[in-house]
Structures are given as C-alpha cells and as structure tokens.
Amino acid sequence: MTMRTVSLDSGQGSDHFRAPKSGTCPIAGRFLANLRAAPQYLRVLERRHRSAEAPHEDLVDHLVRSTPLQRGEAARVVLDVLAYFDETTEEFVRRRHRELQSQGLRNEAIFERIGHEMPHRAVAPPGLSPRQLRRIVYG
C-alpha cells in the first residue's frame, strides 16, 4: 500500500505529511467547505449574479478582516446566512418540525411553538393555523 505524501519545505530538508483526504483540512478538527456540493446553497448561488467560486467577495473580505475566520470559513458563514434567509415558509416549517420532533416533542407542542416562531422570522409569513402547519408537514 503506497502512502501519498505532501512535502512542505521547512527550510531544513523536507517534512512529509499524509495528504489530506478530500473534504478534510490539514488543520486538526476542521473540514474544508465544499460550497458547490451543498444542496442548501444551490438556490442561493443560482439567484445571485456572482459566481459560485466567489460569492459575495466584499462581505467575505470584511469577515476575514474583522474576525478570526479563515477565508473558507467566512464564505461558509455568508452562504449559511443567505440560505437561512432564503428558506421558504414550507421549508422552515418542515425543518423546524424535524428538529423539534428529534428533541422528543409531540406534534401539538411542535405546531404551537412553530406558530409562535413564525412572526419573528426576517420576513414574517401570514399567520398559519396548526391545521395549516400540519398540512405543510404531512401534505
């Protein structure tokens, strides 16, 4: 079995490290963002006139300058925020239902909580009854 190596010139010979696997970062505990493959970002990227390679460069640059985030992490944060605000009412209801259900809540409490959360969204949708929320989740 051959081991692929990446050479880093340390000034005193070469140090050999195992080449990172796809999607992993050479810094322990971190992962490389594969922004093109993440489905929650596709709609955000399609709606923007900027390329998928460099989404919102000015905001990414600002985050890199003003926070300890690396460039890839800052790009991921920007796309996470855009994807969050791009979420439709139906997607929000389904996502929150899954999240709350995984916490062990029952549907009655889930739909009540979602109904209270909806007006506090960035763009508040019209008020939905528990029945309408059930119809979104279960069809």
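None of the figures in this text is laboratory data; all of them are computed from the coordinates on show. The structure presented is a predicted model; accordingly, all values stated were derived computationally and were not measured. Heads up, the Cβs are rebuilt from the backbone with ideal geometry, glycines too, and the neighbour counts pull from every protein chain shown.
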Seminar exercise, completed: Ranked output for segments 125-135, 90-100 by mean other Cβ atoms within 10 Å, highest leading, reads 90-100, 125-135
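Taking 0.36 nm per residue of separation and subtracting the Cα-Cα distance, what length does fully extending residue 71 through residue 98 add?
6.6 nm
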For this session: Would you tally the net charge around residue 65, using a Cβ to Cβ cut-off of less than 13 Å, leaving residue 65 out, and scoring K and R as +1, D and E as -1?
Result: -2
Problem set entry | Residue exposure sequence - 80, 58 - by fewest surrounding Cβ within 10 Å | 58, 80
